[in-house]
Amino acid sequence: CTPTKDPQYPLTSIELKHTSMGDQKSNLQLMSELTMGDLKLKNRVVLAPLTRARCTPTKDPYDKLNKIPNDIMGDYYEQRASGGLLITEATAISQAGCGWLNAPWAVTEEQMAGWKKIVDRVHKKNGVIFLQLWHMGRQSHTSFHPDTKEIVSASAIAVGSGQASTAFGTKADYEKPRALTTEEVKKTVQDFKACAARAKAAGFDGVEIHSANGYLVDQFFQSCSNKRTDKYGGSMENRVRFLVEIIEAIKEVYPASRIGFRLSPNGAYGGMGSEDNVEMFQFIAKTVEKYGLAYMHLMDGLGFGYHGKCRVVTATDMRKHFSGPIIANVGLTKDMAEGMIRSGAVDLAAFGRLYISNPDLPERFENNWPLAEPAAYETWWKPTGAKGYTDFPTYTPPKEETKA
């Protein structure tokens, strides 16, 4: 069996790289159907939510046009609709929650009309698409909030190091946020609900609560960023309360089986990482188990940075407490994903960077076709238009030579 440094430590996705599935085209569990609530997914390949900043750039950063989903974004999602589930890029639920230039919002009628066009294109390709609901919290910058001139978080603690993106396309040191009042937390819950209602009206099959990567909900989870003394701070029960209230509010819009949520217990992004994450994130899993949610989207891989404050939290840990579908994410290959699904630790696998340059990724996996070269880094989340976004071709297998 694969050796590990810790005899009590379960095999992780990082260590499953030794597994090789070879040419088992017809036997890939990754390509098998999955029933998720009342949705039937055609395979278990998930388009990971990727901030690509492709809304139309404008000279004025406060121009409403740079927040409206556009046709080129429709091209992007339609090209990748052969995946079992598409999760959109992180999308601002409110003015207070925004903080990334040229990233889409889901607030106004114009923004939702743009999203509806995209949803319709995906559905015509028999795709399933969820909208990721995003509040950046302390990772935003005051330049995005000219009216209030402030950013908010669980507590008045700034991200420890690094820089925030500004509304002018520059970088600036992270700022100290203001702690949300108890009443403001409740209002933010309603902002999530209202955004979910707009998503449903636009035709989205469901929503994913972005509670990972050091954004607002994650800031409430973790003891490194939450020093509150009200009912949203202190105990693990209190720190998960914000997520619970968001779930219960959105359940009035979508059934629980259309609500997913994302976690990053191992990530350092946004200044995160706490000594009690092993206990806290398993407590989160136990707490939400009763709702029968669509899925848990777990960033268990370490390719997005590892805080090192406690041992790695694995999909195996979370499976002990969460019986619903689990999506694995970060740095997966086809073989790693297949191994994790076959092990029973997860049910689906999300791919980000591989999906950027391989719009037909499920077909390439199924047919064992070669993968395209990775997209250039500068095209990942800069407004380069179609370049590095929708200009990647699908694979055309070579024609068989005609026998004489």
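The values are calculated or read from the model by the stated rules, or taken from the named source; none is laboratory data. Just so it is clear, the model here is predicted, and its values are computed rather than measured. A quick note on method: Cβ atoms are made from the backbone with ideal geometry, for glycine too, and the neighbour counts reach across all protein chains shown. Heavy atoms of the whole protein, side chains included, go into the accessibility calculation; ligands, DNA and RNA do not. Shrake-Rupley method; radii C 1.70, N 1.55, O 1.52, S 1.80 Å.
For G271, what is the net charge nearby, where nearby means another residue's Cβ is under 15 Å from its Cβ and Lys, Arg count +1, Asp, Glu -1?
Its environment carries a net charge of 0.
May I ask you to give the percent of accessible area on the stretch 260-323 that is carbon plus sulfur, with a probe radius of 1.4 Å? Numbers along the way, then the final one.
Numbers: 1100 of 2110 Å².
Accessible surface attributable to carbon and sulfur in the stretch 260-323 totals 52 percent.
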The stretch 273-317 scanned against label point 7 Å out from S343 along Cα→C-beta; backbone N under 16 Å for 298-303, 312-317
Take the alpha carbon atoms of the stretch 135-179, find their center, do the same for the stretch 335-404, and report the distance between the two centers in whole angstrom. 35 Å
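Can you give the calculated 222 nm mean residue ellipticity of the chain, where each DSSP H run of n ≥ 4 adds -39,500 (n - 2.57) and the sum is split over every residue, rounded to the nearest 500 deg cm²/dmol?
Numbers: 11 runs with 104 residues, N = 404.
Computed ellipticity for the chain at 222 nm equals -7500 deg cm²/dmol.
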What are the GluC sites (Glu not before Pro) within the stretch 305-404 that DSSP puts in a loop, where the Cβ has at most 13 other Cβ atoms within 10 Å? E400, E401
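Between N238 and Y395, what length comes free when the chain is fully extended (0.36 nm per residue of separation minus the Cα-Cα distance, one decimal in nm)? Each step should come with its number before you reach the end.
Details: separation 157, 0.36 × 157 = 56.52 nm, distance 4.98 nm.
Residue separation times 0.36 nm, minus the Cα-Cα distance, leaves 51.5 nm.
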Of W115, W134, W369, the most mobile residue in a GNM of the chain (C-alpha springs, cutoff 10 Å) is W369
In a Debye calculation with equal point scatterers on the alpha-carbon sites of the chain and no solvent, what is log10 I(q)/I(0) at q = 0.10, 0.15 Å⁻¹? -0.63, -1.52
GNM on the chain, C-alpha springs below 10 Å: top fluctuator among A268, A328, A350? A268
Among T142, T51, T170, whose mean-square fluctuation peaks in a Gaussian network model of the chain (Cα, cutoff 10 Å)? T170
Sites D120 and R311, calculated FRET efficiency, Cβ-Cβ separation with R0 51 Å, nearest 0.05: 0.70
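By how many nm would the segment from Q190 to D147 grow when fully extended, if each residue of separation counts as 0.36 nm and the alpha-carbon distance is taken off? Walk me through the intermediate numbers first.
Numbers: separation 43, 0.36 × 43 = 15.48 nm, distance 2.07 nm.
Contour length minus Cα-Cα distance gives 13.4 nm.
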Evaluated over the stretch 136-192, the Cα radius of gyration and Dmax, each in Å: 11.7, 33
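Run the numbers for L371 and D276: contour at 0.36 nm per residue of separation, minus the present Cα-Cα distance, in nm.
On the way: separation 95, 0.36 × 95 = 34.20 nm, distance 3.91 nm.
Extra length from L371 to D276 when fully extended: 30.3 nm.
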Within the set K200/K286; K125/K387; K59/K149; K176/K251; K171/K387, which residue pairs have Cα atoms separated by over 25 Å? K200/K286; K176/K251
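Where only protein heavy atoms count, and the probe is 1.4 Å, what is the accessible area per residue for the chain in Å²? Provide the component values of the computation, followed by the final result.
Details: 16890 Å² over 404 residues.
Here the residues of the chain average 42 Å² of exposed surface.
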Within the stretch 82-178, which GluC sites (Glu not before Pro) sit in a loop by DSSP and count at most 14 neighbouring Cβ atoms inside 10 Å? E150
Antiparallel content of DSSP bridges confined to the chain, in %, to 5: 15 percent
Can you list the lysines whose alpha carbon is less than 22 Å from that of K399, not counting same-chain residues fewer than 8 positions off? K25
If each part is reduced to its alpha-carbon centroid, the stretch 194-239 and the stretch 263-318 end up apart, in Å, by 14 Å
Using DSSP to define loop residues, name the trypsin sites (Lys or Arg not before Pro) in the stretch 98-155 whose beta-carbon has at most 16 other beta-carbon atoms within 10 Å. K125, K149
